[in-house]
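Colleague: Dropping a structure here in structure tokens format, bear with me for questions.
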Amino acid sequence: MLHIMVLPAAILVFIFSYIPMTGVLMAFQDYKTSLGITGSPWVGLKHFRYMFENEYFMQITWNTLFFACSKIVMNLVIPFTFALLLNEVRNMGFKRSIQTLVYLPHFLSWVTLSGILIDMLAQTGLINLFLTNVLGTKAIFFLGDGSWFRFTIIFSDVWKEFGFNMIIFLAALAGINPALYEAAEVDGANRLKQTIHITVPSLMPIVIVVATLALGNVLNANFDQVFNLYSPMIYQQGDIIDTFVYRQGLLSGQFSFATAVGLFKSMISLILIVISYRLAYKFAGYRIF
């Protein structure tokens with residue numbers, strides 16, 4: 001009965017995830033829509049050679065790694081720190097209220113949030129009006145200046161997602177044996193020493209699991225976020241692999257080249273996912289049954 005219950009989901013995955021994989025053949029062809037996959041001429045590794053010789057591809061690869069790695073680090077450090085601080089709050093009503101407020105943005109789509117951010121960060125938006133009228137400084141082109149755009153992408157992603165990781169760390173904190181704190185208090189340890197010597201070491205296994213599993217997404221810099229916030233003027237600093245594939249494949253009609261780039265990214269991501277699960281199993285005993 002359990003296998004029958006899983007069958008509809010397995011059929012959907014097979015239809016929409018496995019059958020479309022035949023499209024990777026386009027990466028080795030000079031694909032023409034009029035000829036189809038079976039009739040298009042084979043060109044071997046032509047598109048892959050062009051990809052690695054293209055300086056702009058190296059730039060977007062660097063952008064993708066920069067965004068992804070920065071988000072991974074910040075989405076570990078900030079939720080971890082915030083969970084430790086929130087764990088010290090004794091007023092349960094206030095604690096639940098803060099927990100709900102920081103978790104709420106996780107449920108909003110990037111289409112919705114990007115509209116809010118564009119209104120707030122525009123040159124005539126609320127933040128720039130505050131900077132110019134209250135602080136007397138110059139307006140900042142958050143979404144048009146490359147350096148500020150990178151900061152905006154990382155900061156907004158952390159603001160949206162750190163509440164989710166914080167819930168994970170709070171759940172791990174709830175599983176720590178209270179007897180450890182009682183013994184430490186008897187020995188004269190204050191709250192800071194208890195945090196350093198009990199709380200932090202007890203959280204390290206879950207931190208390792210979250211960090212290693214995040215390695216599989218190191219080439220995923222969040223297409224939805226970047227696509228809804230970037231513009232042609234900051235392509236050099238803000239373009240990532242996924243947005244590049246979208247423009248080359250769907251907008252420019254270079255289906256074979258876009259497929260080659262996507263296949264390259266998928267292969268690297270597969271290798272990183274395998275490595276991350278190996279590391280999670282080795283250092284934290286995490287495994288998927």
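Here, each number is a calculation from the coordinates, and none is a lab measurement. Computed from a predicted model, the values in this text were never measured in an experiment. Please note: Cβ atoms are built from the backbone with ideal geometry, for glycine as well, and neighbour counts cover all protein chains shown.
Colleague: Sum up the charges of everything whose Cβ sits under 15 Å from the Cβ of Asn54, counting Lys and Arg as +1 and Asp and Glu as -1, but leave Asn54 out.
Modeller: Numbers: positive: Lys46, Arg49, Arg247, Lys265; negative: Glu53, Glu55, Asp239.
Once all neighbours under 15 Å are counted, the net charge is +1.
Colleague: Give me His47, His106 ranked fewest to most by other Cβ atoms within 10 Å of their Cβ, as a rough exposure proxy.
Modeller: Details: His47 23, His106 14.
Lowest count first: His106, His47.
Colleague: Any aspartates and glutamates with Cα under 15 Å of the Lys193 Cα? List them, leaving off those in the same chain fewer than 8 positions away.
Modeller: Those aspartates and glutamates meeting the cut-off are Glu88, Glu182, Glu185.
Colleague: Follow-up question, since we're still on this one. Could you line up Ile196, Ile154 from fewest to most neighbouring Cβ atoms inside 10 Å?
Modeller: Ascending Cβ contact count within 10 Å gives the list Ile196, Ile154.
Colleague: Same structure, new question: Could you give the size of the charge dipole of region 1-118 about its Cα centre, using +1 on the Cβ of each K and R and -1 on the Cβ of each D and E, expressed in debye and rounded to the nearest 20?
Modeller: Details: 7 positive and 4 negative charges, 65 e Å.
Charge dipole of region 1-118: 320 debye, to the nearest 20.
Colleague: Where Rh denotes the Kirkwood radius from the mean inverse Cα pair distance, what is Rg over Rh for region 1-98?
Modeller: 1.26
Colleague: Would you pull out the residues with amide H under 5 Å of Gln29's amide H, same chain only if 5 or more places away, H placed 1.01 Å from N?
Modeller: Close amide H contacts, sequence-distant or interchain: Val43.
Colleague: Just from its helices, what would the mean residue ellipticity at 222 nm be for the chain, if runs of 4 or more DSSP H residues each count -39500 (n - 2.57) and the sum is divided by every residue, rounded to the nearest 500 deg cm²/dmol?
Modeller: Rounded to the nearest 500, the figure is -21000 deg cm²/dmol.
Colleague: With a 10 Å Cβ neighbour count serving as the proxy for reagent exposure, in which order, fewest first, do Trp148, Trp42, Trp110, Trp62 appear?
Modeller: Least crowded to most crowded, the residues run Trp42, Trp62, Trp148, Trp110.
Colleague: Starting from the Cα of Lys71, draw a straight line to each of the aspartates and glutamates and keep only those under 13 Å, dropping any in the same chain fewer than 8 residues away.
Modeller: List returned: Asp157, Glu161.
Colleague: Under a cut-off of 14 Å between alpha-carbon atoms, report the aspartates and glutamates in cross-link reach of Lys265, not counting same-chain residues fewer than 8 places apart.
Modeller: Answer for Lys265, where 14 Å is the Cα cut-off: Asp242, listed by chain and number.
Colleague: Just tell me, in residue order, which DSSP H segments of the chain are both 27 angstrom or longer along the helix axis (alpha-carbon based) and at least 0.5 in mean Kyte-Doolittle hydropathy.
Modeller: Helices meeting the span and hydropathy rule in the chain are 55-87, 146-174, 255-284.
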